[in-house]
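Please read the structure below before turning to the comments.
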Amino acid sequence: MSTVLKNGYLDRTSPLEARLASLLAELTVQEKISLCAGQSFWQTKSVPRLGIKPFKMTDGPRGVAFHSSWKRCTAFPSGIAQAASWDEPLMARFGEALADECKSVGAQTILAPAINITRTPLNGRTFEYLSEDPLLNSRLTVPMVKGVQQQGVAACVKHFAVNNQETNRIRVSSEVSERALQEMYLPAFKAAVEQADAWSIMAAYNAVNGIAACENPALLNDILRGEFGFRGFVVSDWFAVRRTSSGAACVKSGLSLEMPGKGSRCKTKPLSAEFAQGDFTEHELDASVSGLLRVMLLTGHLDGDAQADQKQNKENGQRNSGKHQQLAQEMAAGGITLLKNDTGLLPLNSNTHKKICVMGPKLKKKNCLPLWGGSAGVWPPYEVTPLQGLQAQNNNRFEWVKNPADADAVLLFVGLSHRFGQDSEGVDRKHIDLPEKQQRLIKDTLAANPNTVVVLINGGPLAMPWIEEVPAVLECWYPGMEGGTAIAQALFGDSNPSGKLPVSFPKRLQDSPAHQSPRSYPGDREKVHYDEDIFVGYRHFDQQGIEPLFAFGHGLSYTRFEYSDPLISHTDLSGGDCLQVSMQLTNTGERAGAEVVQLYIVDDAHGEQRPPQSLKAFKKVYLQAGEAQLLNFELPTDELRIFCLERQQWHLKAGQYRVRLASSSRDVRLEQGFIITDQQSIKEAL
Ligand code: BGC
């Protein structure tokens, strides 16, 4: 019998679930328990008897991290820069490249993407995450996860869930309504599982509504496995299990693996004792362990002998290839966001601005170093700084001068770094201002030369009290190892910026939704109350009528785009229908460029308790000068459903709606109205 079963799981031609059943049947309870906690910092235990080798994981979301691979790897732009590109195909290519690099260091899981919602600009990990908007978050996560997993590597989507600040991250409980959970904090995880079949999820440090994420049956069993249909493994964030009540509680809730090392609660000895006491059943153990075993099978980890496999993995994967570095540059270029260009100072024109002065504390700085920023720190073999990029891309077009007063234009590089208290895991920022010294430098430079371009290298919203006096601002984020090249090309006009803000930039911190009271941020050691509910990011600014410094979705171009000919397929729809929206986009300027057309829905049906508008679709379109394209969007009415608190379920409400086609959340170009006449909801409303 056992030979048959053993052959069963080793037989690559057998269906996956049959192989899994065979493997589970082969494993003793002790062996299954031993798989519930890691062997060392980055890998699981082995079961040599059955040929189960250690399963390896490595950070992180902007490249394979040095601290978890001991290898220098390609440093791609950080999460917020990736998101600023609003470019799904680019995210897919990034996923593929990341998996390739992951394989090359012999790991089977990449601890990425990191997709927590940007709730407060102070979150130290804002640079690492994507966006404040659940739709943008979902749409970028799905191709990235698919890209990774198509290469046979598991993506580990993190941090599940409602892990939106570093202050008290290990102790705090995020107190959040079911509605905000469903509408804001879960959608990207849901999309990653339902649309991309994510093979792994990382359970967060924090608790959600009082129960630690690693032992939260509502989150892990009911929502993740039950509702979303997740079939992979849930790994704890590193050391997150320490705060849980017991190993049994984790296993019962659906946690598969405690990391790192030999575990705290899920160590073999205490977990065996709990099992012997009847604190959890073998069925529950199987449910939790089978996720990991399934992913071992999906990644081909159990096929072939250990050494040959590892060698083959390493040979199959590639890191630091020219192709990956080229992609890193493309991604950096795609995320660069032109925030302001009032006088058309950018791109620099060597006829009118021959003499340039390049200066500022970020000009020669590298941002990619081991653990720099925390677990997302990647150490590449080289990094093109802004200065090196400018020098290499100049081609004798511009003349360098030292004194800003002698220049035709000044390029002033300011921003933050990954040191603690700025853009770094582990600690939140204290404020959203640039360091005082840099603010003074901006003022002094402007006094010497008003033709000053402020070039920002940083990972999240910044206040800009100097904005009125500065003619041009270019947000470059943390652009990775090829950043200097991409920045220089954008400044010199060899490329055209096409990034759009994936987060709102407030004028003042107090304008942000989470900063209405200390209980909503930072909370105390026990609890942080998500009092703003679903009014996160632009939803809050819109509802409160607050003017942001730069709106969600904002980003300028060196060319102009005209929106025309809006057409909607129906003016009257009911549940199950699909609204088709079309429009013409024309590049009316003199340069090629890309525009991100954003589709927002205004939900007049619900009135005040709803955000004035929500992003429901977008398209990034590249057009040559003078070129036009017809764009089509499809919007199933399902996407208009809202989470009804009273009924605790998603619900489509009848009434008036408007569809907006916009260049940013505050730059609406076209608008059309339609009605949902869903008989069911009308009857209920009466
Ligand atoms: C981070 C995770 C990371 C893990 C392993 C934790 O501190 O929150 O994102 O993957 O460490 O480095």
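The values are calculated or read from the model by the stated rules, or taken from the named source; none is laboratory data. Here the structure is a predicted model, which means the values were calculated and not measured. With ideal geometry, Cβ positions are generated from the backbone for all residues, glycine too; neighbour counts draw on all protein chains shown. Ligands, DNA and RNA are excluded from the accessible area calculation, which covers all protein heavy atoms including side chains. Shrake-Rupley method; radii C 1.70, N 1.55, O 1.52, S 1.80 Å.
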Self-check item: Along each principal axis, Cα extent of the stretch 12-106, largest first, Å
Solution: 48, 31, 20
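Kirkwood Rh over Cα pairs of the chain into Stokes-Einstein at 10 °C, 1.306 mPa s: D in µm²/s?
Numbers: Rh = 26.0 Å.
Estimated via Stokes-Einstein, D reaches 61 µm²/s.
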Quiz item: Can you give me the pair-distance distribution of the stretch 506-664, C-alpha pairs, 5 Å bins, whole percents?
Solution: 2, 8, 14, 16, 15, 15, 13, 9, 5, 2, 1, 0
Quiz item: Against the longest alpha carbon principal axis of the chain, how many degrees, from 0 to 90 and to the nearest 10, is the axis of helix 134-149 turned?
Solution: 60
Quiz item: Between residue 524 and residue 544, what FRET efficiency follows from the Cβ-Cβ distance if R0 is 22 Å, with the result rounded to 0.05?
Solution: 0.30
Practice problem: Pairs of Cα atoms under 8 Å, at least six residues apart: use those to get the relative contact order of the chain, whole percent. | Solution: 15
Quiz item: With charges only on Cβ, +1 for K and R and -1 for D and E, what is the dipole size of the stretch 425-532 about its Cα centre, in debye, rounded to 20?
Solution: 200
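So what's the convex hull volume per residue for the Cα atoms of the stretch 316-429, in Å³?
147
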Quiz item: What is the Cα centroid distance between the stretch 546-561 and the stretch 390-438, reported in whole angstrom?
Solution: 21
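Using the C-alpha gyration tensor of the stretch 139-196, what are the square roots of 5 times its eigenvalues, in whole angstrom, with the largest one first? Walk me through the intermediate numbers first.
Values: eigenvalues 128, 42, 10 Å².
The equivalent ellipsoid of the stretch 139-196 has semi-axes of 25, 15, 7 Å.
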Practice problem: Can you work out the accessible area per residue across the chain, with the rest of the protein chains kept in place, probe 1.4 Å, in square angstrom? | Solution: 36
Practice problem: Taking amide H positions as placed in the peptide plane 1.01 Å from N, state which residues far from residue 561 in sequence (5 or more) or on other chains have amide H under 5 Å from it. | Solution: 588
Self-check item: Degrees separating the helix 483-492 axis from the principal Cα axis of the chain, which is the longest one
Solution: 30
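As an exercise, identify the trypsin sites (Lys or Arg not before Pro) in the stretch 327-396 lying in DSSP coil whose Cβ has no more than 14 other Cβ atoms within 10 Å. Walk me through the intermediate numbers first.
Values: sites: 340, 354, 355, 362, 364, 365, 366; in loops: 354, 362, 364, 365, 366.
Of the trypsin sites (Lys or Arg not before Pro), the ones in loops of the stretch 327-396 whose Cβ has at most 14 other Cβ atoms within 10 Å are 364.
Rg to Rh ratio, the stretch 434-503, alpha-carbon atoms and Kirkwood radius?
Ratio of gyration radius to Kirkwood radius for the stretch 434-503: 0.96.
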Quiz item: Can you run phi through the Karplus equation (6.51, -1.76, 1.60; θ = phi - 60°) for the stretch 384-398 and list ³J(HN,Hα) in whole Hz, with x for Gly and Pro?
Solution: 7, 6, x, 4, 4, x, 4, 5, 5, 8, 5, 6, 6, 7, 10
Practice problem: Sort all Cα-Cα distances of the stretch 239-387 into consecutive 10 angstrom bins from zero, then give the percent of pairs in each bin up to the one containing the longest distance. | Solution: 8, 19, 21, 20, 14, 11, 5, 1, 0
Self-check item: Crossing angle, helix 88-104 versus the chain [Cα axis fit, 0-90 degrees, rounded to tens]
Solution: 50
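Using a 1.4 Å probe on the protein chains only, how many percent of the accessible area of the chain belongs to carbon and sulfur? List each step's numbers first, then the result.
Details: 12060 of 24670 Å².
So the carbon and sulfur contribution to the accessible surface is 49 percent.
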Quiz item: How many nm separate the modelled label positions at residue 349 and residue 303, each set 7 Å beyond the Cα in the direction of the Cβ?
Solution: 5.9
Quiz item: Among 267/430; 262/323; 340/364, which pairs are too far apart, with a Cα-Cα distance over 32 Å?
Solution: 267/430; 262/323
Exercise. Starting from 0 in steps of 5 Å, tell me what percent of the Cα-Cα pairs of the stretch 123-243 lands in each bin.
Key: 2, 12, 22, 26, 22, 13, 3, 0
Practice problem: Considering the convex hull of the alpha carbon atoms of the stretch 431-584, report its projected area averaged over all viewing directions, in nm², one decimal. | Solution: 14.6
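For the chain, what proportion of DSSP beta bridges, expressed in % and rounded to the nearest 5, is antiparallel? List each step's numbers first, then the result.
Working: 53 of 93 bridges.
Expressed as a percentage, antiparallel bridges in the chain total about 55.
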Practice problem: Please work out the Cα center distance from the stretch 141-181 to the stretch 30-103, rounded to the nearest Å. | Solution: 15
Self-check item: For the stretch 1-159: rounded, prolate or oblate by the Cα gyration tensor [a/c cutoff 1.5]
Solution: prolate
Quiz item: So what does log10 I(q)/I(0) come out to for the stretch 89-155 at q = 0.18, 0.20, 0.24, 0.25 Å⁻¹, using the Debye formula with one equal point on every Cα and no solvent?
Solution: -0.66, -0.77, -0.95, -0.99
Exercise. Could you give the C-alpha radius of gyration of the stretch 575-658 expressed as a fraction of 2.2 N^0.38 Å, taking N as the number of residues it contains?
Key: 1.39
Quiz item: Looking at the stretch 528-579 from every direction and averaging, what is the projected area of its Cα convex hull in nm²?
Solution: 7.5
